[in-house]
Each structure stands twice: as C-alpha cells, then as structure tokens.
1. Accessible area per residue of the chain at 1.4 Å probe, in Å²?
2. Just PRO89, PRO186, PRO66 to compare: in a GNM of the chain, with alpha carbon springs under 10 Å, which one fluctuates most?
3. Which percent of the Cα-Cα distances in the chain go past 28 Å?
4. Calculate the translational D of the range 58-169 in whole µm² s⁻¹ from Stokes-Einstein, where the hydrodynamic radius comes from the Kirkwood formula applied to all Cα pairs, the temperature is 37 °C and the viscosity 0.692 mPa s.
5. Give the carbon-plus-sulfur fraction of the accessible surface of the chain in %, rounded to a whole number; probe 1.4 Å, heavy atoms of protein chains only.
6. Choose one answer from HIS141, HIS209, HIS35: the residue with the largest mean-square fluctuation in a GNM of the chain with alpha-carbon springs under 10 Å.
7. What are the semi-axes of the equivalent ellipsoid for the range 8-84, taken as the square roots of 5 times the Cα gyration tensor eigenvalues, largest first, in whole Å?
Amino acid sequence: MIWLGIDTANTPLSVAIVKDGTILAEVNSSMAVNHSLRAMRVIEEIFETVQLKPKEIDAIAVSEGPGSYTGVRIGVTIAKTLAWTLNKPLVGVSSLKTLAANANYFNGLICPVVDARRNNVYAGVYENVGGALVAIHEDQHLGIEALLDALSEFDRPILFIGKDVAMYEELITDRLKENSVIAPFPLNLPRASALIYIAEQSGHEENTHTFTPEYRRIAEAEANWLKQQSKEKGSE
C-alpha cells in the first residue's frame, strides 16, 4: 500500500511517501516559509523523486491540527483536494500525536508542545501502551502555567518534545525538576512518515467532503467578534 503524508500544521513542513512500511522519500524542513508557496512544490518533487504518479498512491494522511490556522488549512485543503480528485481514502491525524510519535518508546509520558503565542501552547499528553500512543490528556490550547500545573500531578518522567519547547525550557525544568526531560533536537520536527504510521494504525477513514481541521480554539478574529457582541448586548 502506498501512502502520501502531509504535515503543514505549524512552521515545519514534512511530506513523505511510504510503500508497504518502507519510506520511499521524506522531506522535512523547519524554515519559516509560507506553506502556500512551498507545500505543493515539495509534493510534486517527491513524486518525481520516487518516480510515481499521484494516481498510484492508495491513501493520504494529513495533519489535522492543532496549530497555525493558515498552516492547518493549507495541508487539509491540499489533502482533501487530492483525495477527492484521485478518489483515495483520507485519514486525519493530530499534529501533536505525530510529534509525540518521534519518542514513541520513551519510558514515561510524552508531552508535545507547540507555541500558541501570549504564553499559551497547544499540548497533549501521550503514553506508549502496547506499542501504540494513547492520549492521557487530549490535545488542547492552554496557558503554559496551566499545563505545568496539570503535569505536576504526575510523579513520572515527562518528555517535552517540539522545537518550541526551547521557549519554555527554563520554566519547565524549574517547575517539574527531575521529572522533566527535554527531547534532543533531532526529535523536535514532525515527520510525515510517523503521520502515515499513525494513520495506518488507526484504520479510520474521513469523509472527504465534511472533514475539517481540529483547531482546538477559535480564531482571534472570531474571539474579538464574540467579545464585541457580548459588550453590545451588555449595553442594551
């Protein structure tokens, strides 16, 4: 079975083609380049590299978020378009679970972290159970302090993974002491091959037409609009 995997949920970009459990090619980048300009070009290049045509793939896996609104939308839109035009199955996978998969066999809890600005993060807590990642705490958008408060209840080693962990490393190690483990930098970028691996394990197929990203929070523009509506109702 041949899979195409696409992850544009955050700054890193990852695209992979996997055939029967073997990575044929994978492109990973952490450059802050607009995915709308780069993603399709990388997908075209990777098909050329492995000498396959898009119609030859059997399924598509895509990072569904949480993450950058624009980044998530770009990846999901590309994946849905390809799935619809090629008539291929589509599987959505958490961007945080994909990141956690880099440390799948860590003997403890795994906490993938993506910065969400203003001391907020996207984070989840995962554990390897029987070779598969299981969510101990579902992906969410919350303050870094609230995350560390929740994690302090666990008296276990916790691996923090993701390139944005560096922004909060001092705070993490100060709060969780010896239970805090910082992933080495080679593990900090999401990999589309891991995304495909999780998609294969899930056995779940999306409805291509109704599939939507998992933002885990409302957009800032929507939040401001709701705040304004609340003020206006309060003044009536």
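1. Accessible surface, normalised per residue, equals 51 Å².
2. PRO186
3. Value for the chain: 33 percent of Cα pairs lie more than 28 Å apart.
4. After rounding, the answer is 219 µm²/s.
5. On the way: 6070 of 12020 Å².
Here it works out to 50 percent.
6. With Cα springs under 10 Å in the chain, the top fluctuation among HIS141, HIS209, HIS35 is at HIS209.
7. Values: eigenvalues 83, 38, 26 Å².
So the three semi-axes of the range 8-84 are 20, 14, 11 Å.
The values are calculated or read from the model by the stated rules, or taken from the named source; none is laboratory data. From a predicted model like this one, the values you see are computed outputs, not experimental measurements. For accessibility, only protein heavy atoms count, side chains too; no ligands or nucleic acids. Shrake-Rupley method; radii C 1.70, N 1.55, O 1.52, S 1.80 Å.
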